[in-house]
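Notes follow once the structure below has been shown.
The values are calculated or read from the model by the stated rules, or taken from the named source; none is laboratory data. Note that the structure is a prediction, hence the values are computed from the model and not measured. Using ideal geometry, Cβ is built from the backbone for each residue, glycine included, and neighbour counts are taken over all protein chains shown. For accessibility, only protein heavy atoms count, side chains too; no ligands or nucleic acids. Shrake-Rupley method; radii C 1.70, N 1.55, O 1.52, S 1.80 Å.
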Amino acid sequence: MSVHGCFLLAIEGSHASGKTTLVHALTAHYRERGLLVDATGEPARVSPFIDDIVLHDQGDFDLVTEVDLFGAHLSATLRAARHQRLLVCDKTIVNVLAYARLVLNTRRDSREAAVLDAMAAFCRTWAPISYDAVFYLPDHYQQPQAPLRSKVAHLHQATANAIRNTYADLGLDLTDVPAGMTTAERVTWIAQRVEPLLTEQSDYRQPA
């Protein structure tokens, strides 16, 4: 619990894997149990760079966009953790790095590659001391596509591979949630594994 004594629980997965739904369900689960808990959203949903690319068809994914998302994701997590005992994170900065590696497809001797290497070095050092538990959702659900999601829907499997490969490359832990579970079953399965970690901190519940 290196971020102001807040336990960071992160949910990973590719597009349409149920991440955001699960993040909200876990937040409600712990709030009902008296925990000081909040959740982070996905910075890409409010990024002006992504708006330009997806909604206005101006340009494409580039280094500036990915660095902005990386910084926004990190800042949102740190700020949200300030007064909580538990923060449920919709993805991690490692996910941002994985996606940047995928969409930029840089040459090894390029400026872009050097920046991504710097991001990777930061993730390798920062992630293990900040995220306390990271769970990966392997499912992929068919559903109506929002503009952002429809732009990248064809990258589902490539994104899944990129996430797993990046975690492996950085030597970071990633716990798979069994496929085919309902949201309620996912909450129960994760809570059973997180509860022992939370109870190691005796004051993790908010005062009565």
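For the chain, what class follows from the C-alpha gyration tensor (a ≥ b ≥ c being the square roots of its eigenvalues): rounded when a/c is under 1.5, otherwise prolate if a/b is larger than b/c, else oblate? Taking the square roots of the gyration eigenvalues as a ≥ b ≥ c, the chain is prolate. Solvent exposure of region 51-124 amounts to 49 Å² per residue of accessible area, where only protein heavy atoms count and the probe is 1.4 Å. List residues of region 68-111, by number, whose backbone nitrogen lies under 13 Å from a label position 7 Å along Cα→C-beta of Leu174. From region 68-111, the list is 91-102.
Ordering Ala127, Leu74, Ala28 by Cα displacement along the dipole of the chain toward the positive end leaves Ala28 in first place; charges were set at the Cβ atoms of Lys, Arg (+1) and Asp, Glu (-1).
Computed about its Cα centre, the charge dipole of the chain is approximately 280 debye, with only Lys, Arg, Asp and Glu carrying charge at their Cβ.
Using only DSSP helix segments of four residues or longer, with each worth -39500 (n - 2.57), what per-residue ellipticity at 222 nm results for the chain after dividing by its residue count and rounding to 500?
-16000 deg cm²/dmol
Taking Cα atoms only, the orientation of helix 19-32 departs from the longest principal axis of the chain by about 20 degrees. On the beta carbon distance between Val64 and Gln157, with R0 = 30 Å, the FRET formula returns roughly 0.65. Quick check on region 75-195: take the gyration tensor over C-alpha atoms, sort the square-rooted eigenvalues as a ≥ b ≥ c, and tell me if it's rounded (a/c under 1.5), prolate or oblate. In terms of gyration-tensor shape, oblate.
Residues whose amide H comes within less than 5 Å of that of Gly13, counting only those at least five positions distant or on another chain, are Leu137 (H built at 1.01 Å from N in the peptide plane).
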